[in-house]
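Notes follow the structure.
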Amino acid sequence: MAKSTFINLPAGKKKKIESALLKEFSNYPLAKAQVARIVRETGIARGAFYKYFADLEDAYHYMYKLALKSIHLPIKIKSQFDSQQYYDNVVHFIEEMKTSTYAGLIKMHILYNESSLGHPVSPKILAELNPQNWSAMVLSHATIRLVLANPVQKSALMTRFKASLELLNKGKN
């Protein structure tokens, strides 16, 4: 996570660096991102970058967490399966993506970076998920990935997602 030297920067300088990080991570998969472009964009020395972040992946994780806080609903998993809640959460996420300044970064993460970095789910959440909720969570993330990769097929994908959730709903009886 970002070092205290970055956290304690004056707001203007911090925003300038965040903006450069956002631009880099929205336009390049993490494997092709470069510190050189970030420092050129911000006008900071390369050494300063490493005073703020352990490495490029550290900076990426910092920005990704900012993005998720901006877009992602706080998920409260109910012990009772609620298919409509999952559907509404995915619709909300996709709609928020359209206008978010973090849209490019989230899309790059889901389409390119997630497979190498993973999508960490806390062990506590995994322990609390019954099979229906776990299945719905996996379907939710897969649907978001498919919609981002194939926006023209959004309607058909969302219809299939809703039908899949309804099948899971039937399983709870």
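Of all residues in the range 46-58, which are assigned to a helix (DSSP H, G or I) and either over 9 Å from F6 (Cβ atoms) or in contact with a Cys (Cβ under 9 Å, 6 or more places away or on another chain) (or both)? Steps first, please.
As a first pass, look at the range 46-58 and keep what is assigned to a helix (DSSP H, G or I): 46-52, 56-58.
R46, G47, A48, F49, Y50, L56, E57, D58 - these are the residues of the range 46-58 that are assigned to a helix (DSSP H, G or I) and either over 9 Å from F6 (Cβ atoms) or in contact with a Cys (Cβ under 9 Å, 6 or more places away or on another chain) (or both).
List every residue pair whose Cβ atoms lie under 7 Å apart, where the two residues are 6 or more positions apart in sequence or sit on different chains, the first residue falls within the range 78-104 and is without any contact (Cβ under 8 Å) to a residue 40 or more places away in the chain, and the second residue, located anywhere, is assigned to a loop (DSSP other than H, G, I, E, B).
Going by the 7 Å Cβ cut-off, the qualifying pairs are H92/L73.
On the given criteria, is I38 modelled with pLDDT under 95, more than 15 Å from the chain's Cα centre (by Cα) and more than 30 Å from V152 (Cβ to Cβ)? Reasoning before the result, please.
On the way: modelled with pLDDT under 95: no; more than 15 Å from the chain's Cα centre (by Cα): yes; more than 30 Å from V152 (Cβ to Cβ): yes.
No; evaluated as a whole, the condition is false for this residue.
Can you tell me which residue is surrounded by the fewest Cβ atoms within 10 Å (Cβ to Cβ) among those in the range 5-45 that are assigned to a loop (DSSP other than H, G, I, E, B) and among the hydrophobic types (A, V, I, L, M, F, W, C)? It would help to see each step written out before you state the result.
Of the range 5-45, the ones assigned to a loop (DSSP other than H, G, I, E, B) are 8-10, 28-29, 33-34, 43-45.
Subset that is among the hydrophobic types (A, V, I, L, M, F, W, C): 9, 33, 44-45.
Details: L9: 17, A33: 20, I44: 17, A45: 10.
Only one residue fits best here, namely A45.
Being more than 18 Å from L66 (Cβ to Cβ) and over 21 Å from the mean Cα position of the chain (by Cα) is true for just one of A11, A48, A31. Which residue is that? Let's see the steps before the verdict.
Details: A11 fails: more than 18 Å from L66 (Cβ to Cβ); A31 fails: over 21 Å from the mean Cα position of the chain (by Cα).
Exactly one of A11, A48, A31 is more than 18 Å from L66 (Cβ to Cβ) and over 21 Å from the mean Cα position of the chain (by Cα), namely A48.
Please go through the range 30-62 and pick out each residue that is under 14 Å from K14 (Cα atoms) and in contact with a Leu (Cβ under 7 Å, 6 or more places away or on another chain).
Passing the criteria: I38, A59.
Just to be sure I understand, how many residues within the range 110-127 are in a helix (DSSP H, G or I) and either at pLDDT below 80 or over 11 Å from L148 (Cα atoms) (or both)?
Looking only at the range 110-127, we keep the residues that are in a helix (DSSP H, G or I), and these are 110-117, 123-127.
Those left that are additionally either at pLDDT below 80 or over 11 Å from L148 (Cα atoms) (or both): 112-117, 123-127.
Of the residues in the range 110-127, 11 are in a helix (DSSP H, G or I) and either at pLDDT below 80 or over 11 Å from L148 (Cα atoms) (or both).
State all residues of the range 20-34 that are free of Cβ contacts under 8 Å to residues at least 60 places away in the same chain and among the polar types (S, T, N, Q); if no residue qualifies, say none.
Filtering the range 20-34 for residues free of Cβ contacts under 8 Å to residues at least 60 places away in the same chain gives 20-21, 23-24, 32-34.
Within the range 20-34, just Q34 meets the criteria.
Consider Y64 carefully, then state whether it is buried (at least 16 other Cβ atoms within 10 Å of the Cβ) and either part of a helix (DSSP H, G or I) or at pLDDT below 90 (or both). Quick ask: steps written out before the conclusion?
Values: buried (at least 16 other Cβ atoms within 10 Å of the Cβ): yes; either part of a helix (DSSP H, G or I) or at pLDDT below 90 (or both): yes.
It is true that Y64 is buried (at least 16 other Cβ atoms within 10 Å of the Cβ) and either part of a helix (DSSP H, G or I) or at pLDDT below 90 (or both).
Name the residues in the range 141-173 that are closer than 15 Å to M97 by Cα and of a type in the set (G, A, S), would you?
In the first step, residues of the range 141-173 are kept if they are closer than 15 Å to M97 by Cα; the result is 141, 143-151, 154.
Within the range 141-173, just A149 meets the criteria.
The values are calculated or read from the model by the stated rules, or taken from the named source; none is laboratory data. Just so you know, these numbers come straight off a predicted model, no measurement behind them. Virtual Cβ from ideal backbone geometry, glycine too; neighbours counted across all protein chains shown.
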